[in-house]
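*Asks:* Take a look at this one; I'll ask things after.
Nothing in this text is a laboratory measurement; each read-out follows from the coordinates by a stated rule. It should be emphasised that the depicted structure is a prediction, and the values quoted were computed from it without experimental measurement. Note that we place each Cβ from the backbone using ideal geometry, even for glycine, and neighbour counts take in every protein chain shown.
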Amino acid sequence: MYDLSVEIPRLQAEGLPHADASVFGDLPVGTLHESGKSLEKYAAQFVAGHDPCPCCGGVYWAWTIQHGVAICEDCGWMARVFHYFRKPGESKDTSVQAVLWYHPDELRAR
Ligand SMILES: [Zn+2]
């Protein structure tokens, strides 16, 4: 059993790299996340280069009740799977599907 109140500080101490905008493919400069954050700032919320869960190495995840958000089935670490962006000059959002695990700096144990 994983205790995220232990695992989050453990992974914060590891200094995992943050993702960059390249995780979303070739979206143009100036693309904004639906939250209003820049592509780079939005991407930095996630761990770079992590397919399995950064906490336990698990590869299975389950949806939560929040749209587009999943958790690792083994330890409960959070990931976002659906991402919505607005390209410059466009009036409709573009969605990108990618399993991105939240960086430990973005999480707080309950
Ligand atoms: Zn996990």
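*Asks:* For segment 65-86, what are the residues that are more than 13 Å from residue 106 (Cβ to Cβ), within 16 Å of the ligand (Cβ to nearest atom), assigned to a loop (DSSP other than H, G, I, E, B) and under 14 Å from the mean Cα position of the chain (by Cα)?
*Replies:* Narrowing segment 65-86 to residues more than 13 Å from residue 106 (Cβ to Cβ): 65-68, 70-76, 81-86.
If we keep only those that are within 16 Å of the ligand (Cβ to nearest atom) too, we end up with 70-76, 81.
Checking the rest, the ones that are also assigned to a loop (DSSP other than H, G, I, E, B) come to 73-76.
Once the filter is applied, which keeps residues that are more than 13 Å from residue 106 (Cβ to Cβ), within 16 Å of the ligand (Cβ to nearest atom), assigned to a loop (DSSP other than H, G, I, E, B) and under 14 Å from the mean Cα position of the chain (by Cα), segment 65-86 yields only 76.
*Asks:* List every residue pair whose Cβ atoms lie under 9 Å apart, where the two residues are 6 or more positions apart in sequence or sit on different chains, the first residue falls within segment 53-68 and is within 21 Å of residue 16 (Cα to Cα), and the second residue, located anywhere, is of a type in the set (A, V, I, L, M) and away from the ligand (no atom under 14 Å from the Cβ).
*Replies:* 61/81
*Asks:* Looking only at segment 25-57, how many residues end up being under 18 Å from residue 73 (Cα atoms), surrounded by fewer than 17 Cβ atoms within 10 Å (Cβ to Cβ) and not hydrophobic (A, V, I, L, M, F, W, C)?
*Replies:* 3
*Asks:* Taking the stated definitions as given, is residue 39 of a type in the set (A, V, I, L, M, F, W, C), out of contact with any strand residue (DSSP E or B) (no Cβ under 8 Å at 6 or more places or on another chain) and over 17 Å from residue 99 (Cβ atoms)?
*Replies:* Values: of a type in the set (A, V, I, L, M, F, W, C): yes; out of contact with any strand residue (DSSP E or B) (no Cβ under 8 Å at 6 or more places or on another chain): no; over 17 Å from residue 99 (Cβ atoms): yes.
Here the answer is no, as residue 39 does not meet what is asked.
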